[in-house]
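One structure is given here, and the rest of the page talks about it.
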Amino acid sequence: MIDNIANCFTSLELPVQWGDMDAAQHVNNTVYLRWVESTRIEMFKKMSGGSLEFKKIVPILAWQDCKYIFPVTYPDQVVITLDIIELMEDRVVCEAKIFSKRHNRIVAISKSILMAYGMKELKKQPFPEVWRKSFIDFYGESILK
């Protein structure tokens, strides 16, 4: 099931921690969102050669949803893949898939919108050209909207 990792922009493998579980003895819903957040951070580190030193413009999360498909429990390893599915002038739509290695299946899908935010202007800005180029170089122009 986890066979398209090489074709995604970013992937991250994380262990499920005992403390990730809730009273229902499965991973709490908020943990899935943190896993996706960690993968988005990895994406920006990858794009900047390992640095997260944003200067004038930073990426911010504007919207996120998550479809929970199958419960994850301890012990397990999850693999989160993150792809860009749409690139606009001022935002990008991401899709993350979370896979359970123990169950060899997808357990959740999360979509999110990231925007470029100007720290000086305190409002959204056009996506930096270096970010756009990184996405277009990987996916081609099919993601442009």
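For the stretch 1-39, which residues satisfy the criterion of being surrounded by 12 or more Cβ atoms within 10 Å (Cβ to Cβ), in a helix (DSSP H, G or I) and at pLDDT below 95?
I5
Please count how many residues of the stretch 92-145 are surrounded by 17 or more Cβ atoms within 10 Å (Cβ to Cβ), of a type in the set (S, T, N, Q) and closer than 26 Å to C66 by Cβ.
4
Just to be sure, is Y74 at pLDDT 95 or above, closer than 22 Å to L12 by Cβ, surrounded by fewer than 18 Cβ atoms within 10 Å (Cβ to Cβ) and aromatic (F, W, Y)?
yes
Regarding the stretch 18-37, can at least one residue be identified that is under 19 Å from R132 (Cβ atoms), touching a residue at least 12 places away in the same chain (Cβ under 8 Å) and among the hydroxyl-bearing types (S, T, Y)?
No, the conditions are met nowhere in the stretch 18-37.
The values are calculated or read from the model by the stated rules, or taken from the named source; none is laboratory data. All figures in this text were calculated on a predicted structure; none of them were measured in a lab. So basically every Cβ, Gly included, is an ideal-geometry build from the backbone, and we count neighbours across all protein chains shown.
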